[in-house]
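The values are calculated or read from the model by the stated rules, or taken from the named source; none is laboratory data. These numbers were taken from a predicted model, which means no experiment stands behind them. No Cβ is skipped: glycine too gets one built from the backbone with ideal geometry, and neighbour counts run over all protein chains shown. With ligands, DNA and RNA removed, areas are computed over all heavy atoms of the protein, side chains included. Shrake-Rupley method; radii C 1.70, N 1.55, O 1.52, S 1.80 Å.
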Amino acid sequence: MSDTYGKSVTLTIFGESHGPAVGATVTGLAPGVPVDMEFMRGQMEKRRAKGKISTSRTEADAVRVLSGVYRGAATGTALTLVIENTNTRSGDYTKTEELLRPGHADYTAHMKYGGHQDARGGGHFSGRLTAPVVAAGSIFTKLLQTKGVAIATHLAQCAGIDDAPFSGDPARLKEQLDALNAADLAVLDPLRARAMMQAIEAAAAEGDSVGGILETVVLGLPAGLGEPFFGSVESTLAALLFSIPAVKGVEFGLGFGFAGLTGSRANDAFRMQGTRVVTATNHNGGVNGGISNGMPLVLRTVVKPTPSIYKVQQTVDFAAKRNATLQISGRHDPCILHRARVVQDSLVAFGLADLCGQHFGTAWQEGAAWNMD
């Protein structure tokens, strides 16, 4: 079982949804890197369940530092963060524990771990494990901010409703990213945000759920990050993004939109902007040949509807080896997009920090912002 990812910096996650706690350990931080607990709390707040569009399971999500931080800065040794689970109701899962939940990892978990997995609330497969990801990711998000790198994600589509697109104007785009990072619901158009919330609530009222698309933009990346084949910007980030529960697709730039274009329309022409090389368009989403080209990094993920729904579903009784029906109870999200956007930001920040370490060495974590020219 691999719970660790990264090369120059590593992230390890641990815990189960209904266990005593979940947490993360980070290695590879240079001594002296600030660990801003107030910023971390703000990031955790973005992930918390709120209102009718989220699960009624609410957790304080107070992050406790066990090691690796002294006087507000990383010591350079393993940094471990723990978040206690304080609002579990394991009894909700007892009466249906032998019934495989469609869309969940119940069957595959059993086949991999031989029945020894903690199945309560999804155990280690639960979205609860994204809480320590956000806590640890806040350190890398803040670190990248000190280098002039901005990351933000919006609900590009939810329940079939499209948000307004990101602007092509650099100054306006930066304003949009700042606004998204300050918003509870990361949507660019308030009217469409209202329509999305109504659609989520309508699905919840019917015992159902909805999915959508998360779109992330990163500004301020230098050219030269990543490798041509294994370890490319795309493959590094895709591996992390596919680790988010419910993500079933990842694309960069125009992504699958390239399929309908000719090369003359798909290519991004180069030009000079002062002393910098830029592209006239950004169809490739800031990456050429697996390596960052200094333009905005643009990526999208497809998030499937939450599999925990209250409708009657067909399944099997795994213990009795016979067909059965299932109607779950408990507390579940009718949509996870609005909570997952900060998870996506966090893993993108971690992945980029790892790529920066591989390119610049540990020294990138110290000193002034890099030269983009």
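Taking a cut-off of 13 Å between Cα atoms, list the aspartates and glutamates near LYS304, but don't count ones fewer than 8 places away on the same chain.
Filter leaves ASP208, ASP333.
Binning at 10 angstrom from zero up to the longest distance, how are the C-alpha pair distances of region 6-63 distributed in percent?
17, 40, 33, 10, 0
Please list log₁₀ I(q)/I(0) at q = 0.10, 0.12, 0.17, 0.23 Å⁻¹ for region 178-293, using the Debye equation with identical point scatterers on the alpha-carbon positions.
With one equal scatterer per Cα and no solvent, log10 I(q)/I(0) is -0.45, -0.63, -1.08, -1.36.
Based on the Kirkwood radius over alpha-carbon pairs, what is the Stokes-Einstein translational diffusion coefficient of the chain at 37 °C with 0.692 mPa s viscosity, in µm²/s?
Details: Rh = 21.7 Å.
In µm²/s, the coefficient rounds to 151.
Over the chain, what relative contact order in percent results from Cα pairs under 8 Å that are six or more residues apart?
On the way: 763 pairs, mean separation 86.4, N = 373.
This gives 23 percent for the chain.
Excluding ligands, DNA and RNA, what is the solvent-accessible area per residue of the chain at a probe of 1.4 Å, expressed in Å²? If you can, show how the numbers build up before the last one.
Values: 17050 Å² over 373 residues.
Ligands and nucleic acids excluded, the figure is 46 Å² per residue.
Please list 28-39, 310-321 highest first by mean number of surrounding beta-carbon atoms within 10 Å per residue.
Sorting 28-39, 310-321 by mean packing, highest first, produces 28-39, 310-321.
In the Gaussian network model of the chain, springs joining C-alpha atoms below 10 Å, which of ASN293, ASN284, ASN323 carries the largest mean-square fluctuation?
Its mean-square fluctuation being the largest, the pick is ASN323.
Once neighbouring chains are kept in place and the probe is 1.4 Å, which whole percent of the accessible area of the chain is contributed by carbon and sulfur?
Carbon and sulfur atoms account for 55 percent of the accessible area of the chain.
Would you please calculate the Kirkwood hydrodynamic radius of region 1-154 over all C-alpha pairs and express it in Å, rounded to one decimal?
By the Kirkwood definition, the hydrodynamic radius is 16.9 Å.
In region 179-216, which GluC sites (Glu not before Pro) are in a loop and have at most 13 other Cβ atoms within 10 Å, using DSSP for the loop call? Before the final figure, lay out the partial values.
On the way: sites: GLU201, GLU206, GLU215; in loops: GLU206.
Qualifying residues, ordered by number: GLU206.
With a cut-off of 8 Å between alpha carbons and a minimum separation of six or more residues, what is the relative contact order of region 114-209 in percent?
Values: 58 pairs, mean separation 21.1, N = 96.
Relative contact order for region 114-209 comes out at 22 percent.
So how compact is region 255-373: Cα radius of gyration and Dmax in angstrom?
22.7, 71
How long is the gain from ALA73 to SER2 if the chain were fully straight, where each residue apart is worth 0.36 nm and the alpha carbon distance is subtracted? Spell out each step's value before the answer.
Details: separation 71, 0.36 × 71 = 25.56 nm, distance 2.80 nm.
Residue separation times 0.36 nm, minus the Cα-Cα distance, leaves 22.8 nm.
Take each of the peptides 12-20, 152-160, 270-278, 105-113, average the number of other beta-carbon atoms within 10 Å over its residues, and list them starting from the highest.
Details: 12-20: 19.2, 152-160: 23.1, 270-278: 10.0, 105-113: 15.3.
Top of the packing list down: 152-160, 12-20, 105-113, 270-278.
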